[in-house]
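Encoded as structure tokens, the structure appears first; notes follow it.
The values are calculated or read from the model by the stated rules, or taken from the named source; none is laboratory data. Not measured: the values here are computed from a predicted model. Because the Cβ atoms are built from the backbone with ideal geometry, glycine has one as well, and the counts that use them run over all protein chains shown. Each accessible area value is taken on the protein alone, full model and side chains, heavy atoms only, with ligands, DNA and RNA left out. Shrake-Rupley method; radii C 1.70, N 1.55, O 1.52, S 1.80 Å.
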Amino acid sequence: MSYLILKHIRAHRANGLQTHYLAAPAPVFAACMLGHAIAARLGTRDLGVAIVHHRGHLQIDEWPSEAPARAAWQVRGASGPSSAPLENPIQPGVLAELDLSLIIKLERVVDLKQVEGILKAMPLRLAGSPIARLPMLMQTNDAHHALRSCGRGFVTLDARQYVQAKLDSGVGILDAMFHRTPGEAGWFVPATVGYSMLSRFEPRRNVRDQLPHAWAEALVGLVEYRSTFSFGENDSIPLWRHGWVDDQAFIVQQ
């Protein structure tokens, strides 16, 4: 067993649009699946992924407080073989500047040179953004040392217990997810944590690796950001683990 650390993954054009109604700089599902993909290419199994948030910025326009409003940047679409630059389609999109570190718990110790070669060959991407510069690679068998190695930042935690407590008190689901109650401390952000199938898996055209494909909708959960320095030597690292919760939904949770 070992902890593989990818320190400071800097994504400059990551997808910040979690769903059609939600934008947030918290690519929880994408980061966990990146850890899973790296472990699979190493020929081992990932036992969980910890996400450390260092910096995040959504590329949106904001108006003054006296007339508060926000708007997504307009993103020019791809040009066709016969289209001129001014004929390219323009569509709204929310991109994000991100700086994250990942701690991937693996079943066995791996060779860092092999990891570097795999990251170069993948190529490395996070939430749709190519990673131009490889992150710093480290490895340890001590969970606390792995977290300390990431430096200053915020660990991403599963905050569903807060949502459930509000639901049990009679609060509606939207208020439980998006509204802070008086006296509630902490930094909470909604984020995509999985997908629920809307159709059966079937062969389809233009699918990655020609795998069976199913249409799905995003499942949104609440995550909490907590300082790395709030974890003591005897505290366990909160790891996100992926899996099917039933025949329809695939999620990541702690």
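Note the listed values (1) 0.96; (2) 0.98; (3) 1.03, then indicate which one is Rg/Rh (Cα atoms, Kirkwood Rh) calculated from this particular structure.
Of the listed options (1) 0.96; (2) 0.98; (3) 1.03, (2) comes from this structure.
If amide hydrogens are placed 1.01 Å from N in the peptide plane, which non-local residues have theirs closer than 5 Å to the one on Ala159?
Sorted by chain and number, the residues that satisfy this are Leu222, Val223, Glu224.
Over all directions, the average projected area of the alpha-carbon convex hull for region 94-195 comes to how many nm²?
About 9.7 nm², averaged over all directions.
³J(HN,Hα) across region 20-34 via Karplus (A = 6.51, B = -1.76, C = 1.60, θ = phi - 60°), whole Hz, x for Gly/Pro?
Result, rounded to whole Hz: 5, 10, 9, 10, 7, x, 9, x, 5, 5, 4, 5, 5, 6, 5.
What number comes out for accessible area per residue over region 163-254 if the probe is 1.4 Å? Units Å², please. Intermediate results must be reported in sequence, preceding the final value.
Numbers: 6150 Å² over 92 residues.
Value for region 163-254: 67 Å² per residue.
With the full set of protein chains in place, find how many percent of the accessible area of the chain is carbon and sulfur; take the probe as 1.4 Å.
The computed percentage sits at 53.
Once amide H atoms are placed 1.01 Å from N in the peptide plane, what residues at a sequence separation of 5 or more from Val94, or on another chain, have their amide H within under 5 Å of its amide H?
Gly16, Leu17
Given 0.36 nm per residue, what is the gain on full extension from Asp111 to His145 after removing their alpha carbon distance, in nm?
Stretched fully, the Asp111-His145 segment lengthens by 10.4 nm.
For region 222-236, take each phi angle, set θ = phi - 60°, evaluate the Karplus expression 6.51 cos²θ - 1.76 cosθ + 1.60, and give the result in whole Hz per residue in order, putting x for glycine and proline.
9, 10, 10, 9, 10, 4, 4, 7, 7, 9, x, 4, 8, 7, 7
Spelling out what I want: for every residue of region 160-176, take phi, set θ = phi - 60°, compute 6.51 cos²θ - 1.76 cosθ + 1.60 (Karplus), and round to whole Hz; glycine and proline get x.
5, 5, 5, 5, 5, 4, 5, 4, 5, 8, x, 6, x, 5, 5, 5, 5
Considering amide H positions built from the backbone, and no H for Pro or chain starts, which residues 5 or more places from Gly48, or on another chain, come under 5 Å of its amide H?
The list, which skips near neighbours in sequence, is Lys105.
Ignoring ligands, DNA and RNA, how do Arg204, Arg133, Arg55 rank by accessible area with a 1.4 Å probe, largest first?
Result of the area sort, largest leading: Arg133, Arg55, Arg204.
On a straight-distance basis, which lysines could pair with Lys113 in a cross-link, Cα separation under 23 angstrom, same-chain partners fewer than 8 positions away excluded?
Straight-line reach from Lys113, under 23 Å: Lys7, Lys105.
If packing is taken as the average count of other Cβ atoms within 10 Å, what order do 159-167, 33-41 fall into, highest mean first?
Ranked from most to least packed, the peptides come out as 33-41, 159-167.
Hey, with R₀ at 41 Å, roughly what FRET efficiency would Arg180 and Arg241 work out to, going by the Cβ-Cβ distance, to 0.05?
Plugging the Cβ-Cβ distance into 1/(1 + (r/R0)^6) gives 0.90.
Order 137-149, 172-184, 96-108 from most to least packed using the mean count of other Cβ atoms within 10 Å.
Highest-to-lowest ranking by the protection proxy: 96-108, 137-149, 172-184.
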